[in-house]
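Worksheet: one structure, shown below.
Rule-based calculations on the coordinates, nothing more; no lab input. Because the structure is a prediction, the values reported are computed rather than measured. Here the Cβ is made from the backbone with ideal geometry for all residues, glycine too, and neighbour counts use every protein chain on show.
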Amino acid sequence: MEARLNVFTNPVAAKVLKHLVSADKPVADSSLPAATRELVLLRASQINGCGFCVDMHSKDAVHSGETWERLNLVAAWREATVFTDAERAALELAEQGTRIADAAGGVSDEVWANAAKYYDEEQLGALVSLIAVINAFNRVNVITQQPAGDYQPGQFG
């Protein structure tokens with residue numbers, strides 16, 4: 001499979017991606033747990049059907065110490081016993097934040113309140129930003145049909 005557009009060399013797309021990458025830095029520097037970040041990145045990417053990001057974030061998560069067991073269960077997190085209540089709240093927020101068009105009201109008050117039980121204001125800001133940025137990356141990759149499978153952990157940074 002070949003991408004429709006080389007987003008790494010295209011003069012406009014490459015600049016946009018550079019800004020998206022820099023937008024992720026405050027999230028990475030926040031107190032939001034790294035494991036939670038990886039789970040959210042993977043879940044949003046699964047929902048959006050972004051093979052490139054599923055490949056990248058699952059490999060980066062394992063490289064950072066996450067287990068394949070937990071990663072394999074992200075798509076079925078509601079039935080899995082391997083996630084904390086806080087991680088479940090973040091995954092639910094990621095799902096509703098990713099599926100905004102599917103729900104007339106967007107993210108429900110109940111889901112937001114549940115996330116707020118486990119995460120402080122800084123971490124909530126990080127979660128919201130993380131969900132927004134990964135959805136932007138997913139859309140670029142899905143639209144341009146970026147191929148998946150060849151990513152190596154740490155390849156982009």
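Give the residue from Ser58, Leu5, Asn135 lying farthest towards the positive end of the charge dipole for the chain; charges sit on Cβ (+1 for Lys and Arg, -1 for Asp and Glu) and the dipole is referred to the Cα centre. Value: Leu5.
Measuring nothing but alpha carbons in the stretch 68-157 and taking Rh as the Kirkwood radius, the Rg to Rh ratio lands at 1.00.
So the label point goes 7 Å from the Cα of Asn10 along Cα→C-beta, right? Which residues of the stretch 120-157 then have their backbone N under 17 Å from it? The answer is 135-148.
Taken over the chain, the percentage of Cα pairs per 10 Å bin, counting from 0 up to the bin with the maximum distance, is 10, 41, 36, 12, 1.
About its Cα centre, the dipole of the stretch 1-86 is roughly 340 debye, where the only charges are +1 on Lys and Arg Cβ and -1 on Asp and Glu Cβ. Phi-derived couplings, Karplus 6.51 cos²θ - 1.76 cosθ + 1.60 at θ = phi - 60°, listed residue by residue for the stretch 138-150: 4, 5, 4, 5, 5, 4, 8, 6, 5, x, 10, x, 9 Hz, with x used for Gly and Pro. Taken about its Cα centre, the chain carries a charge dipole of roughly 520 debye when the Cβ of each Lys and Arg holds +1 and the Cβ of each Asp and Glu holds -1. Taking the average, over residues, of other Cβ atoms within 10 Å as the packing measure, peptides 59-68, 8-17 rank 59-68, 8-17 from highest down. Scanning residues 5 or more positions from Phe83 or on other chains, none has an amide H under 5 Å from its amide H, with H placed 1.01 Å from N in the peptide plane.
Between the stretch 50-110 and the stretch 133-157, the alpha-carbon centres lie 17 Å apart. Charges on Cβ only, +1 for Lys and Arg, -1 for Asp and Glu, centred on the Cα centroid of the stretch 47-154; of Val82, Ala115, Gly49, which one is farthest towards the dipole's positive end? The Cα lying farthest towards the positive end belongs to Gly49.
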